[in-house]
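Have a look at the structure below before the remarks.
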Amino acid sequence: MSVVDAAVQGFQLVFSWPNILYPTAATVLAITGSMGMPVSTTHAITTSIMGVGCAKRFSALKLKVIEKILWAWILTLPATAGVAFGLVWGMNKIGWISF
């Protein structure tokens with residue numbers, strides 16, 4: 001599952017009203033941006049959905065979906081590193097690039 005798939009599934013976590021969700025996500029992005037932290041908008045929106053769900057009631061969250069999202073976030077970096085390594089290794093073997 002990719003991070004985009006996880007973000008799409010994140011909207012299934014709780015029923016959130018846009019007038020609550022979007023300002024929450026914008027606040028997260030503004031605070032982290034002012035601190036110089038690189039943050040994905042997908043992560044900000046997904047965690048804002050979870051935060052709105054917790055504010056409503058914790059039982060409104062679907063923990064299985066949250067687990068899938070967290071695993072997608074954890075596995076994204078090693079997966080992209082593996083793809084990058086494979087591409088560079090393959091192009092080196094073909095002779096398109098050299099070290």
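In table form, for the structure just shown:
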{"item": "Distance between modelled label sites at F99 and A30, nm, 7 Å Cα→Cβ extension", "result": "4.8"}
{"item": "Cα centroid separation, region 49-99 to region 28-46 (Å)", "result": "17"}
{"item": "Loop sites in region 20-99: trypsin sites (Lys or Arg not before Pro), DSSP, at most 10 other Cβ within 10 Å", "result": "R57"}
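Just so you know, all these numbers are worked out from the coordinates, no wet-lab data involved. The shown structure was predicted, so the numbers you read here are calculated from the model rather than taken from an experiment. Cβ: placed from backbone, ideal geometry, glycine included. Neighbour counts: every protein chain shown.
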